[in-house]
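Note sheet for the following structure.
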Amino acid sequence: MYIIMLGAPGTGKGTVGGLLSKELNIPHISSGEIFRNYIKKHNELGKEIEKYISEGKLVPDELAIKLIEKRLEEKDTENGAILDGFPRTKNQATVLDEFFKNKNKKINIAVDLSLPDEEIIDRIVKRRTCPNTECREIYNMDFKPPKVEGICDKCGTKLIQRIDDNEETVKQRLKTYHELSEGLIKYYKKQDILYTVKLNNKSDLTTKDVVEEIKAYLNKDSIK
Ligand code: ATP
Ligand code: MG
C-alpha cells in the first residue's frame, strides 16, 4: 500500500502519516525530515538544503527526487510506504509514477488534508517538535502543549521550533504550496485516487478520526 499525503504545511501530514504508519505497519517517509537530517550533518549538501528550507523555498526537483528515490530503494519500503511531503511538484509526481511503474507498483491513494490559511499560520507558529528521530512527537502550544514546558512527554528530549516555523517563512511556504497544489490535486483526481479531508481548528475531528476515515476508504473493494 503506497499512500501520498498532500496538504499545505501544518495540516497534519506528519501527525496523520505517523499514526497511519503504525496502524498499517509501513514506513512513514517525510521528505522535510529527510532534508532536515541532511542539514544536521553540516556538510556541503546539508548547507545547500538549508539555504532553500530556511527561506521557505522548495529544494530543487532534481535533488529532492534523488534523495527520496534513495530512501525508496531501501528494503523496508517493499510492501508500502506513506510519503509525506513528496511529491510537491507535477514533475516529482510524474517521476514517482514512473519509479513505481518500473517496480510494478502503484500509488493507492493521495490524501489531501485541507485547512484554511489563517488557521495554518496560527498552528505553525505555535508548533513545537521533538527532534529525537525515534520519537518525532509534534506539539501545539494551544491545543496540545507538553506536560512540562519545552520537554517532550514521550521521550524527555528538549522540544524545538523548526527553522522554517516562523510567520514570514510560513507565508512563503503557503505561497509556494498554493502555486503548485492545484496541479497536483488535478493530477491525482484524474487518476481517481484523490481523497480529500476537510479540516478546521474548531472541528473536533481528531488525528484518530482522520486516520479511521482514510482506513475505511482504503478498505473499499474498489481501490484494492
Ligand atoms: P509541515 O509543516 O506539515 O511539516 P511542510 O510541507 O511545510 O509541512 P515539510 O514537508 O517538513 O514541511 O518540508 C519542509 C521544507 O522542506 C519545505 O518547505 C521545502 O523547502 C522542503 N521540501 C520538503 N519536501 C519537498 C519536496 N518534495 N520538494 C522540494 N522541497 C521539499
Ligand atoms: Mg511535515
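Using Cβ point charges alone (K and R +1, D and E -1), the dipole size of the chain about the Cα centre works out to roughly 280 debye.
Just to confirm a number: summing +1 for Lys and Arg and -1 for Asp and Glu over residues other than Ile26 whose beta-carbon lies under 11 angstrom from that of Ile26, what do you get? So the surrounding residues net to -2. Based on C-alpha pairs under 8 angstrom that are at least 6 apart in sequence, the chain has a relative contact order of 29 percent.
I need the shape label for the range 68-188. Rule: rounded when a/c is under 1.5, else prolate if a/b > b/c, else oblate, with a, b, c from the alpha carbon gyration tensor.
Numbers: a/c = 2.69, a/b = 1.45, b/c = 1.85.
Oblate shape, in that a/c is at least 1.5 and b/c is the bigger or equal ratio.
Per residue Cα convex hull volume for the chain, in cubic angstrom? Provide the component values of the computation, followed by the final result.
Details: hull volume 27.7 nm³, N = 224.
Convex hull of Cα atoms, per residue: 124 Å³.
At a Cα cut-off below 19 Å, give the aspartates and glutamates reachable from Lys198, other chains included and same-chain residues fewer than 8 away excluded. Cα-Cα hits under 19 Å: Asp84, Asp112, Asp117, Glu118, Glu119, Asp122, Glu182, Asp209, Glu212, Glu213.
Hey, with R₀ at 35 Å, roughly what FRET efficiency would Lys57 and Asp192 work out to, going by the Cβ-Cβ distance, to 0.05?
Working: r = 32 Å, r/R0 = 0.91.
The pair Lys57/Asp192 has a calculated efficiency of 0.65.
Each Cα pair under 8 Å and six or more residues apart adds its separation to the average, and for the range 1-134 the resulting relative contact order is 46 percent.
Which of the three applies to the range 12-54, rounded, prolate or oblate, going by the alpha-carbon gyration tensor with a ≥ b ≥ c and a/c under 1.5 meaning rounded?
Working: a/c = 4.76, a/b = 2.61, b/c = 1.83.
It is prolate, given that a/c is not under 1.5 and a/b is the larger ratio.
What aspartates and glutamates could a cross-link reach from Lys101, if we take a straight Cα to Cα line under 16 Å and drop same-chain neighbours fewer than 8 places away? By straight Cα distance, Lys101 reaches Glu69, Glu73, Glu78.
Counting Lys +1, Arg +1, Asp -1, Glu -1, what net charge surrounds Glu149 among other residues with beta carbon under 12 Å of its beta carbon? Counting the neighbours of Glu149, the net charge comes to +2.
Can you figure out the FRET efficiency of Glu149 with Asp76, using R₀ = 30 Å and their beta-carbon distance, to the nearest 0.05? Write out the running numbers ahead of the final one.
Working: r = 35 Å, r/R0 = 1.18.
With R0 = 30 Å, the Cβ-Cβ based efficiency is 0.25.
Other residues whose C-beta falls under 11 angstrom from the C-beta of Ile160 contribute a net charge of +4, scoring Lys and Arg +1 and Asp and Glu -1. The alpha-carbon atoms of the range 38-94 define a convex hull whose volume equals 100 cubic angstrom per residue.
Let me check I have the definition right: for the range 140-224, take the eigenvalues of the Cα gyration tensor, multiply each by 5, take square roots. What are those semi-axes in whole Å, largest first? Intermediate values should be presented prior to the final figure.
Working: eigenvalues 189, 94, 27 Å².
Result for the range 140-224: semi-axes of 31, 22, 12 Å.
Taking trypsin sites (Lys or Arg not before Pro) across the range 14-58, the ones in a DSSP loop with at most 15 further Cβ atoms lying within 10 angstrom of their Cβ are Lys41, Lys57.
Oblate is the label for the range 102-168, because a/c, from the alpha-carbon gyration tensor with a ≥ b ≥ c as root eigenvalues, is 1.5 or above and a/b does not exceed b/c. Loop only by DSSP, 16 or fewer other Cβ within 10 Å of the Cβ. Give me the GluC sites (Glu not before Pro) in the range 122-222 that pass, ordered by residue number. Listed in order of number, the matching sites are Glu134, Glu149. When the listed pairs Lys70/Lys106; Lys75/Lys215; Lys22/Lys75; Lys70/Lys105; Lys158/Lys215 are checked against a 26 Å cut-off, the alpha-carbon distance exceeds it for Lys158/Lys215.
A short reminder: the numbers here are calculations on the coordinates, not readings from a lab. This is a predicted model, so every value here is computed, not measured. Virtual Cβ from ideal backbone geometry, glycine too; neighbours counted across all protein chains shown.
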